[in-house]
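For reference, the structure discussed in these notes is given below.
The values are calculated or read from the model by the stated rules, or taken from the named source; none is laboratory data. Here the structure is a predicted model, which is why all the values come from computation and not from measurement. Cβ: placed from backbone, ideal geometry, glycine included. Neighbour counts: every protein chain shown.
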Amino acid sequence: MDRKEFLTLIGMSTGRIVLASCLGACNQQSVTPAPSPLTVDFTLNLNDAANAPLKNKGGFIYNQGVIVAQTTSGIYIAVASTCTHQGQSVNFQSSNNGFICYAHGSTFSSTGAVTNGPATYPLQQMKTTLTGTMLRVQS
Ligand code: FES
């Protein structure tokens, strides 16, 4: 093997290693796993001090991995509170009755659908049932 053949062989091997590393890393960055479904079933007493924000339109609380909010039209909504992009907590945004993650700007509708990325998966929507002052939240 002469010098030129040796350098060509080394160059190709190095290129393959770099390419394989890049492809592996790129795949890890671009593929976000789908979030695991949350299983919840809890009831909030709206008269409890901890739940007081829910008495006001636009108010919201967090409980058991869920964000529960009262929309500006007085409807109770609830979704999983963990952003599907990189796991930060979402906030309720009363101006559009949706949810926002301030980490990278993802927004979600009142049902948890993605309205702006980088998140690609929706927030899991929960069922809410109001009976008197008791608000039941179920997955
Ligand atoms: S973690 Fe929510 S947008 Fe990135």
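Numerical summary
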quantity: Close pairs (8 angstrom Cβ cut-off, 6 or more residues apart or separate chains): farther than 19 Å from Cys101 by Cα and assigned by TED's automatic domain parsing to the domain that holds Gly98 in segment 65-83, away from the ligand (no atom under 16 Å from the Cβ) and part of a strand (DSSP E or B) anywhere; calculated: Tyr76/Val68; Tyr76/Ala69; Tyr76/Gln70; Tyr76/Thr128; Tyr76/Leu130; Tyr76/Leu135
quantity: Residue under evaluation Ile100, criteria (1) closer than 24 Å to Gly132 by Cβ; (2) within 16 Å of the ligand (Cβ to nearest atom), criterion not met; calculated: (1)
quantity: Answer residue from segment 72-91, given it is touching a strand residue (DSSP E or B) at 6+ places or on another chain (Cβ under 6 Å) and of a type in the set (Ser, Thr, Tyr) and is nearest to Ser36 (Cα to Cα) among those; calculated: Ser81
quantity: Number of positions in segment 33-71 that are charged (D, E, K, R) and surrounded by 14 or more Cβ atoms within 10 Å (Cβ to Cβ); calculated: 1
quantity: Of residues in segment 66-93 being within 21 Å of Pro118 (Cα to Cα) and in a loop (DSSP other than H, G, I, E, B), the one farthest from the ligand (Cβ to nearest atom); calculated: Ser81
